[in-house]
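Just so it is clear, none of the values below were taken in a lab; they were calculated from the coordinates. Not measured: the values here are computed from a predicted model. Reconstructed Cβ throughout: ideal geometry from the backbone, glycine too, with neighbour counts over all protein chains shown.
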Amino acid sequence: MMLRYKLVSLLFLLLISRTTLAGIITIDYDVQDIWWLNGQAKTNNTELTTDDVNISDSRIGVMFTDLSSLEGYQIQSAELQMYRYIGGFLPNDMTINLFNITESWSETSVVPSFDDYAVTSLTFGVNEARGWHLWNITELVQGWLFEEVINNGVMLAGSGENRFQKFYSSEKVGFSPKLVINVVDVPEPSTWVLMILCLLFFYIENRKQKAENK
């Protein structure tokens, strides 16, 4: 009987040791980014610019090419974070819409195709603080990982009269666009096997105990 209890204790210790862990993964490397003016790629240096596309068609493209660090995790939330250092000069708001890009592109390509509807949007006022700003792209990143959506990155496009919005590119050390993901560790299959074995063991022991008490 003592041996059985020791085995149960061991199984519980193994299960506890595999408890899921929450954490933050930040991807700010292998970033492909550019801005397009009237459909043509511009040399970004440290600058990425968007404007009201109906006035001056300036768009930003950002793609994180290596998502391997997210494998084996469950995503709770995902944010695109970019550092805005200049933002307009008129007393009006500007909304920057984020779209899913639907075809491959490079930092010298013409503007690629993208979905018609915005995944998310962020509005800036004339007095909006400079600094880090974020777009929630949780569902899109989940789609990339599950291979339901091809990872061609995202496009930022302005709408409104606040005019030019400038962000730092990956060329600006310490201010590169970032993908910040809140993750939970997914238990390995072996953990589930242990759980099933543990439950099965308890079931057998319970049946034996009932038989002995008869």
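Could you list Phe64, Phe175 so that the one with the fewest beta carbons within 10 Å of its beta carbon is first and the one with the most is last? Don't jump to the answer; show the numbers that get you there.
Details: Phe64 23, Phe175 17.
Ascending Cβ contact count within 10 Å gives the list Phe175, Phe64.
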**Length-normalised contact order of region 22-186 in % [C-alpha pairs under 8 Å, at least 6 apart]** = 40
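Full extension from Ile25 to Leu67: what is 0.36 nm times the residue separation minus their Cα-Cα distance, to one decimal in nm?
Full-extension gain reported as 14.1 nm.
Order by neighbour count: Leu67, Leu48, Leu122, fewest other Cβ atoms within 10 Å first, most last. It would help to have the intermediate numbers written out before the result.
On the way: Leu67 16, Leu48 28, Leu122 19.
So the ranking, lowest neighbour count to highest, is Leu67, Leu122, Leu48.
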**Request:** For region 22-186, build the charge dipole from Cβ charges (+1 Lys, Arg; -1 Asp, Glu) around the Cα centre, then report which of Phe64, Leu140, Met82 sits farthest towards its positive end.
**Result:** Met82
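Among the chymotrypsin sites (Phe, Trp or Tyr not before Pro) within region 94-132, which fall in a DSSP loop and have no more than 16 other Cβ atoms within 10 Å of their own Cβ? Spell out each step's value before the answer.
Numbers: sites: Phe99, Trp105, Phe114, Tyr117, Phe124, Trp132; in loops: Trp105, Tyr117.
Within region 94-132, the qualifying chymotrypsin sites (Phe, Trp or Tyr not before Pro) (loop, at most 16 other Cβ atoms within 10 Å) are Tyr117.
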**Item:** Simple label model, 7 Å out from Cα along Cβ direction - Asp115 to Val53, nm
**Value:** 1.4
**Complete:** Quick calc: nm separation of the 7 Å Cα→Cβ label points for Thr108 and Arg130 -> 3.3
**Request:** Grab the Cα-Cα distance for Glu205 and Glu171, subtract it from 0.36 nm times how many residues apart they are, and report the gain in nm with one decimal.
**Result:** 5.9 nm
